[in-house]
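Reading through the C-alpha cells given below for one structure.
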Amino acid sequence: MRSLYLAILLVSACAREPYTKFEYRIPMRDGVKLYTIVYVPTDASDANRYPILLKRTPFSIAPYGDAQAKLLGPNAYVMRDKYIFAYQDIRGRYMSEGKFVVMRPYHADSISEASDAYDTISWLLAHVPHHNGRVGAWGSSYAGFLATMSALSHHPALVVASPQAPATDSYFEDFHHNGALTQGYFYGYPIFGIDPPGPTKENWWLPSMISEGTANDYAFQLALGPLENTTQKYYKDNRFWHDIITHPNYDAYWQSRAVLPALTEIHSAMLIAGGWFDAENLYGTLATYKTLTRQDSAAKVTLVMGPFRHNGWEATDDSLATKFQRDVEAPYFHAYLKGDGKVDLPAALLFDTGRKQWRSFTSWPAREATTRRYYFHADSSLSPSVPTQTHTALSYTSDPAQPVPSRCHGPTIEDGTLYHYMSDDQRCYESRPDVVTFQTAPLTEDVTLGGEIWARLNVSTTGTDADYVVKLIDVYPSTGSDSVGNAPLVRGEIMRARFRQSFAAPQPMRPGAITPVSFQLQDVLHTFRVGHRIMVQVQSSWFPAFDRNPQTYVPNIYEAAASDFVKATERIWVDRAEPSYLEVQVVP
C-alpha cells in the first residue's frame, strides 16, 4: 500500500498553533483510493492525544501539496480547541479515484458513502498516531449528507456527527420542490453531471459553466423557452441532467436516494444545524431532525436553526453566526470528543425571526403548539373565521409567457445560487393581476407561528395542470413619512398540482372541477408583532427560481413543446363548502 506522506508545518493565524500536514490515498474495501489530507497538532504525542474530526466533500479539499490552509475545522473556535483534522475528496471528485454518483444510494450491505466513511475512519485510526480513539464528522449541504452517511456507517469510534443543512431528498429540496424543478440552479448542474477525466486538482467542470444569463436571468431563461431547449443547447451530455429529465416523477431513482428511511439505530450524538432562509436544504435540516426523533427514540439529537441563508452560520463577520460557532458548535464537539458528553443545550435552539431572539424548546414541533386556521375570504381578508358565502372564488390569469418573477428587483441567481428571494420584500407583487392577496387587520397582540404550516387550497383551472405558490408574509406598519411598510417573505413554497395525490403517479387536473390541493410549507418560528399584518399571497408561477408549468398536462414537462404552454384561468375557492386556508401551529 502506497501512501503520500507530505509532512508540512502549518501555522494558523487563527489558532497560532503549528500543525503537521499529511496527504494519503486511503484504500476502500473495493480497492478504490480516496485522497485524504490530515492535519495533526505538532504537540500530539502518546501523552497528549487528540480526537479526529472528519469532513468528506465533493467540492475539493484544496489546498493540495505544500500549500497551507488558513482555517481548519468548521470554525476558528473549534480549531483553537485543537483536533486532528481530516479532509477527504469522495469517489470520483478531484484527487480521488472511482465514479461519482449524485446522492449515492445507501445500502447497508454494499458500497455507499457510509461504507466509505467506515473504511476511512478505520484506516485513520490504524495509521494516524496520537489520536484518542474518538472521531467526529461534520459538513454542510452535500457534505452534510456525507456527515449523515458517516453516522449511518455505525462505526464504533464515531461518537458525534453534525449534519448541517444536510441534503436529504433531492425531490423536495435542492433540485426540486414538490415536483417543480429548481430552475434557478441552472448554472450549477455542470459540477454534478460532468465527470472529470481522472483524479485532478483542477475545476474540470468550469468550462461548461454558463454565465451569460446571470445579469438578467429572468429574461435569459425565459428566452430559452421549454426545458427541452435547455437540454439541447447546454446539457445534452450532462449525466445528472439526463437523470433529472428522464425521472420527472418520484420514482425508484429518487426514492433510492432518500436518506430519511435509513435514519435509525444511530449511536452517535447528532448536532443538526441550519438556517431559516436556506433556499437549498431547509427541508433536509428539519426532516432529518424530525425523522430521527420519530424513528429512533434513543437518538441523541439537537436542532439549531438561526436566521441564516445557506451556510450562513459559517460566516466570520456575523455576530449570530459567531454565537453559534462559539457557544454551540465548539462546546458540542468538545463535550463528545474530549469530555463526558454533557452539553448545556436544549433539544431545539431556534431563532425567532420576528422577535429576533433565540428560544429553547424541549422538542420540535413544540409540544405546547396549538393548531390554527387562517381562512381566505372573498374581500381579500385573512382571519380564523370560516367563510359564510357560497360558491365564491377569486380568479386570476396565469400566463407562462409572463410568469411571476421570483424577485422583483435584482437577479434571482447570485453567486451561482439562490438566496435573496427567501426573505425579499413582497409589496411589489400586490399590484400584479396574476397574484391574489389576503391579509389580516393590524394585530392587536403578538402572534407566534412556531412549527409546521400547511396550505389547504380548493382550486379550479381551465387548464389540465397547474402550479400553486403560497407565500406567508409579515407586513410591517408604515413608519414616519412612509405610506407603506416593509413586507418580507417569511415562508413560501410551490406545489405542482399533478402530484396532489401522489408524487410517484401524477394525474391531470379536470378543467373547471373544484379540486383540493394541500401541501406543506417548511416550518417557521416567527412572531408577528402588534400592529403588523399577516399576509398570504397565492400565484401560479415563481420564475426563474422554479420552472414554468405549461398548464397543459404532458407526461413529462421536460419534453413539453412551446405549443403546450397556454394561459389558464385559476380560481382560489373561498366559500363555506370549499374553503381555502393556511393551517399553522401557534406557540405561546
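The values are calculated or read from the model by the stated rules, or taken from the named source; none is laboratory data. All values reported here derive from a predicted model rather than from experimental measurement. Every residue, glycine as well, gets a Cβ built from its backbone with ideal geometry; the counts of neighbours run over all protein chains shown.
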Ser395: passes all of (1) outside any loop (DSSP other than H, G, I, E, B); (2) under 27 Å from the mean Cα position of the chain (by Cα) but (2)
Expected single match for small (Gly, Ala, Ser) and over 30 Å from His391 (Cβ atoms) among Ala560, Ala577 is Ala560
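Here's the yes/no breakdown for (1) closer than 30 Å to Ile244 by Cβ; (2) in contact with a Lys or Arg (Cβ under 8 Å, 6 or more places away or on another chain); (3) surrounded by fewer than 24 Cβ atoms within 10 Å (Cβ to Cβ):
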{"site": "His107", "(1), (2), (3)": "yes, no, yes"}
{"site": "Ser110", "(1), (2), (3)": "yes, no, yes"}
{"site": "Ala117", "(1), (2), (3)": "yes, yes, no"}
{"site": "Trp123", "(1), (2), (3)": "no, no, yes"}
{"site": "His130", "(1), (2), (3)": "no, yes, yes"}
{"site": "Thr148", "(1), (2), (3)": "yes, no, no"}
{"site": "Ala161", "(1), (2), (3)": "yes, no, no"}
Those residues of the range 381-421 which are of a type in the set (Gly, Ala, Ser) and farther than 24 Å from Ala441 by Cβ amount to Ser395, Ser398, Ala401, Ser406, Gly410, Gly416
Residues in the range 276-294: is at least one hydrophobic (A, V, I, L, M, F, W, C), assigned by TED's automatic domain parsing to the domain that holds Pro51, under 25 Å from Met79 (Cβ atoms) and in a loop (DSSP other than H, G, I, E, B)? no
Of the residues in the range 348-362, those that are surrounded by 15 or more Cβ atoms within 10 Å (Cβ to Cβ) and among the small types (Gly, Ala, Ser) number 2
The number of residues in the range 26-42 that are among the charged types (D, E, K, R), surrounded by 13 or more Cβ atoms within 10 Å (Cβ to Cβ) and part of a loop (DSSP other than H, G, I, E, B) is 0
Residue set Ala347, Ala378; condition farther than 30 Å from Ala223 by Cα, modelled with pLDDT of 95 or more and within 28 Å of the chain's Cα centre (by Cα); output residue Ala347
Across the range 235-257, the tally of residues that are closer than 17 Å to Ser115 by Cα and surrounded by 15 or more Cβ atoms within 10 Å (Cβ to Cβ) stands at 1
**Prompt:** Quick check: is even one residue across the range 9-26 under 30 Å from the mean Cα position of the chain (by Cα), under 25 Å from Phe145 (Cα atoms) and at pLDDT 95 or above?
**Reply:** no
Flag for Gly306 being touching a His at 6+ places or on another chain (Cβ under 7 Å) and within 30 Å of Tyr421 (Cβ to Cβ)
no
Expected output for the range 222-246 (first residue on the phi > 0 side of the Ramachandran plot, partner at pLDDT 95 or above, Cβ below 6 Å, 6+ apart or cross-chain) is Gly225/Ala562
Requiring at least 1 residues that are on the phi > 0 side of the Ramachandran plot and touching a strand residue (DSSP E or B) at 6+ places or on another chain (Cβ under 6 Å), the strands (runs of 3 or more DSSP E) wholly within the range 435-542 are 447-461
Being assigned by TED's automatic domain parsing to the domain that holds Ala321 and assigned to a strand (DSSP E or B) narrows Arg134, Arg80, Arg91, Arg104 down to just Arg134
So, Ser385, is that one over 30 Å from Ser563 (Cα atoms), polar (S, T, N, Q), in the same structural domain as Arg498 (by TED's automatic domain parsing) and without any contact (Cβ under 8 Å) to a residue 40 or more places away in the chain or not? yes
Of those in the range 306-324 that are over 21 Å from His526 (Cβ atoms) and of a type outside the set (D, E, K, R), the residue nearest to the chain's Cα centre (by Cα) is Asn311
Cβ pairs under 6 Å, 6+ apart or interchain, first in the range 71-98 and more than 16 Å from Lys338 (Cβ to Cβ) and in contact (Cβ under 8 Å) with a residue 24 or more places away in the chain, second among the charged types (D, E, K, R) and surrounded by 24 or more Cβ atoms within 10 Å (Cβ to Cβ), ordered by first then second residue, are Gln88/Arg56; Ile90/Arg56; Met95/Asp89; Ser96/Asp89
Phe333 passes all but one of the listed conditions (1) out of contact with any His (no Cβ under 7 Å at 6 or more places or on another chain); (2) assigned to a loop (DSSP other than H, G, I, E, B); the exception is number (2)
Apart from one, (1) within 25 Å of Asp564 (Cα to Cα); (2) in a loop (DSSP other than H, G, I, E, B) all hold for Arg257; the odd one out is (1)
Picking from Ser423, Ser431, Ser385, Ser398, the residue that is within 20 Å of Gln585 (Cα to Cα) and either crowded, with 21+ Cβ neighbours inside 10 Å or among the polar types (S, T, N, Q) (or both) would be Ser385
Met270 - would you say it is modelled with pLDDT of 95 or more and touching a Lys or Arg at 6+ places or on another chain (Cβ under 8 Å)? yes
